[in-house]
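Engineer: Got a structure here, written out as structure tokens. Questions coming.
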2 protein chains.
Amino acid sequence: MTDDLQFAPRGANHDIEEGVAFAPKFDANGLITAVVTDIASGDVLMVAHMNAEALKRTIESGEAWFYSRSRQKLWKKGESSGHVQRVIELRVDCDQDALWLKVEQTGPGACHTGRRSCFYRAVPIGDGSQVTLEFRDAEKTFDPDAIYATPADK
Amino acid sequence: MTDDLQFAPRGANHDIEEGVAFAPKFDANGLITAVVTDIASGDVLMVAHMNAEALKRTIESGEAWFYSRSRQKLWKKGESSGHVQRVIELRVDCDQDALWLKVEQTGPGACHTGRRSCFYRAVPIGDGSQVTLEFRDAEKTFDPDAIYATPADK
């Protein structure tokens, strides 16, 4: 089903920045960065990567697909956990090398550690020599061991 | 001034995900992805990259520094435009390979095209074969040609 959708070739800078042709820039590994925010809270849930196929499937299905660099495979968010992400809006940035997905996160959370968001620790600003992370909004909303069949599915 | 701050070595997965040691993972090019959101609106303003030095300067100064891949240089956001970003909160994700900066964006916008956010175009979901971008929140809030000395400063 994903054979039809074609991306535009990369053109001149002005066209990339001010045009309506979708010409996503994939890096040397064929990937583009995707930021996922929660449509309700506005919080960043996760940062992941897409290859061309994941991006096409996301556009066509309205659910978020990614490419896992560690597992080196196409991956539908929620395929193991059931916590799929419905894409309410998909945006692309000025030079078309980053994507922003505003999603409705189904289920209790997006993070494989069992939390709503992957960003549950803060780095204190202005500290001198040592950095000690501070947990924030870090309550576990589900038990990952009960959700994922194997650690590799997380 | 940035000699003091040291990052922790990457340890076991559990420590990286559940610990308080800050062990950011830089990629093969020495970079880590940084997502910048507006503390007021919650919108994603930009996605950029930091090397270790940019991250240290950001932590120590409370203003956002990045590394420009195209210009191959350390870069303080706003150094040309004056539109600096004050970091209200800095977060790191579960596997510590992405950063989220909640900033107070000074000046009229973050994007070198003259807009508040770099994400001013939407990719329609569910369209068949052709993707035509749609401008959203795309009003220019400043004239980039009046702000930047040369196109390379953008």
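Engineer: Determine whether the range B:54-65 contains at least one residue that is in a loop (DSSP other than H, G, I, E, B) and without any contact (Cβ under 8 Å) to a residue 24 or more places away in the chain.
Structural biologist: Within the range B:54-65 (the criterion being in a loop (DSSP other than H, G, I, E, B) and without any contact (Cβ under 8 Å) to a residue 24 or more places away in the chain), the answer is no, since none of the residues qualifies.
Engineer: Please pick out the residue among A:Gly42, A:Gly30 that is assigned to a loop (DSSP other than H, G, I, E, B) and more than 10 Å from chain B (Cβ to nearest Cβ).
Structural biologist: A:Gly30
Engineer: Further, regarding this structure: Out of A:Trp100, A:Trp75, I need the residue that is without any contact (Cβ under 8 Å) to a residue 40 or more places away in the chain and closer than 28 Å to A:Phe7 by Cβ. Which one?
Structural biologist: A:Trp75
Engineer: So is A:Ile88 outside any strand (DSSP E or B) and either more than 13 Å from every other protein chain (Cβ to nearest Cβ) or in contact with a strand residue (DSSP E or B) (Cβ under 9 Å, 6 or more places away or on another chain) (or both) or not?
Structural biologist: For A:Ile88, the condition - outside any strand (DSSP E or B) and either more than 13 Å from every other protein chain (Cβ to nearest Cβ) or in contact with a strand residue (DSSP E or B) (Cβ under 9 Å, 6 or more places away or on another chain) (or both) - is not met.
Engineer: Residues of the range A:113-126 being within 7 Å of another protein chain (Cβ to nearest Cβ), in a loop (DSSP other than H, G, I, E, B) and at negative phi, which ones?
Structural biologist: A:Thr113, A:Cys118, A:Phe119, A:Val123, A:Ile125
Any read-out appearing in this document is the output of simple, stated calculations on the displayed coordinates, not a laboratory observation. Since this is a predicted model, take the numbers as computed values, not measurements. Note that we place each Cβ from the backbone using ideal geometry, even for glycine, and neighbour counts take in every protein chain shown.
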